[in-house]
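To start, the structure itself, in structure tokens.
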Amino acid sequence: MNNWFEWRDAPPGDFAVLGDPIHHSRSPRIHAAAYAAYGLPLTYHAIRVPTGELEAALAHLESLRYRGVNVTLPLKEEAFAWAETEPRDAVYGALNTLDIRTRFGTNTDVPAFLSTLRGFEIEPGALIHVLGAGGSAKALVVGLAQSGFRLRLWNRTQSKADDLAQRTAELIPGARIEVVAEVSPTYCAALINTTSASLSAESLPIPWPSAAQNLLAYDIAYTDGLTRFQQDAASHGLRHADGRAMLVEQAALAFTWWTGKEAPRTDMLAAVYEHPHPHT
Ligand code: ATR
């Protein structure tokens with residue numbers, strides 16, 4: 001059985017995650033775990049919506065009585081254009097959580113990411129090295145700067161890191177950002193991998209420090225086991241994390257935003273780790 005739908009074929013429902021591709025999404029089972037914990041009779045579907053079709057898809061889903069959606073790649077900028085944004089989220093330029101009826105949106109990715117960093121006792125003022133300057137890096141870099149972290153950016157194509165640094169400095173007065181031509185984790189509390197290199201299992205050109213530096217190697221992507229970036233960090237004795245904790249936390253914040261209820265995080269976390277094979 002298909003565990004996802006094309007938007008024109010979507011069944012009636014309450015909530016959904018929209019993106020393209022969407023078959024791999026673990027959001028339906030994370031939210032289903034939250035509904036089960038409260039005994040809520042709600043449904044959450046994964047629905048494919050290609051670039052450029054978000055507005056039409058949302059109108060269709062509203063007619064099917066959907067209340068809210070998460071959006072993932074490649075729709076987060078389109079969602080930002082569609083919705084009225086919670087004022088504190090306006091600087092991110094990207095939204096992942098929408099209320100279809102009120103046409104309001106919020107970004108729970110950035111606070112989720114910052115909260116997972118705090119979970120590793122990495123606090124504002126620390127130096128964070130971000131690898132990559134693509135779509136996934138943008139909102140995180142702005143959020144880090146806004147929260148008072150110092151930033152070091154590296155991207156394979158350096159001009160994109162320069163552009164991101166400049167855009168962030170314009171949005172966040174006083175932001176402390178440097179762009180480096182080569183990855184350089186010295187003095188850093190965390191090395192954040194936002195590149196898509198993990199997905200193709202490629203190693204990045206990283207001069208890994210010794211375990212004494214207590215660097216956190218944090219890949220915002222995830223796979224069933226360790227990503228290549230995590231494997232490389234682990235082989236140098238470094239602590240590491242992947243995108244699953246952030247995925248659950250952004251879902252928890254979205255659940256609360258929609259329902260007003262505290263998120264049952266333990267159940268939601270169990271749902272993402274218990275089923276290692278997203279395609280079955
Ligand atoms: P996303 O929305 O997932 O961030 P993207 O906007 O296409 O996707 O950005 C992909 C990022 O991964 C870019 O920073 C890209 O570097 P370039 O700007 O030089 O293309 C980076 N990336 C992808 N594959 C990479 C690799 N093998 N090594 C280093 N960086 C890589």
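The values are calculated or read from the model by the stated rules, or taken from the named source; none is laboratory data. Quick caveat, the model's predicted, so the values are computed rather than measured. Note that we place each Cβ from the backbone using ideal geometry, even for glycine, and neighbour counts take in every protein chain shown. Only protein heavy atoms, including side chains, enter the accessible area calculation; ligands, DNA and RNA are left aside. Shrake-Rupley method; radii C 1.70, N 1.55, O 1.52, S 1.80 Å.
Just one residue in the set 216, 204 is away from the ligand (no atom under 16 Å from the Cβ) and at pLDDT 95 or above; that residue is 216. Quick one: is residue 23 surrounded by fewer than 17 Cβ atoms within 10 Å (Cβ to Cβ), in contact (Cβ under 8 Å) with a residue 60 or more places away in the chain and either assigned to a helix (DSSP H, G or I) or of a type outside the set (D, E, K, R) (or both)? When the stated conditions are applied, residue 23 passes them. Residues that are touching a helix residue (DSSP H, G or I) at 6+ places or on another chain (Cβ under 6 Å) and either among the β-branched types (Val, Ile, Thr) or open to solvent by 70 Å² or more (accessible area, probe 1.4 Å) (or both) within the range 56-84 comprise just one, 71.
Just one of the listed residues (176, 152, 167, 156) is surrounded by 17 or more Cβ atoms within 10 Å (Cβ to Cβ), of a type in the set (Lys, Arg) and assigned by TED's automatic domain parsing to the domain that holds residue 240, and it is 152. Looking across the range 132-157 at every residue that is part of a loop (DSSP other than H, G, I, E, B) and modelled with pLDDT of 95 or more, the one that is farthest from the ligand (Cβ to nearest atom) is identified as 148. Residue 174 meets the conditions (1) within 16 Å of the ligand (Cβ to nearest atom); (2) within 22 Å of residue 88 (Cβ to Cβ); (3) assigned to a loop (DSSP other than H, G, I, E, B) in every case but one. The failed one is (1).
When you scan the range 26-41, how many residues do you find that are part of a loop (DSSP other than H, G, I, E, B) and either touching a residue at least 60 places away in the same chain (Cβ under 8 Å) or crowded, with 17+ Cβ neighbours inside 10 Å (or both)? The qualifying residues number 2.
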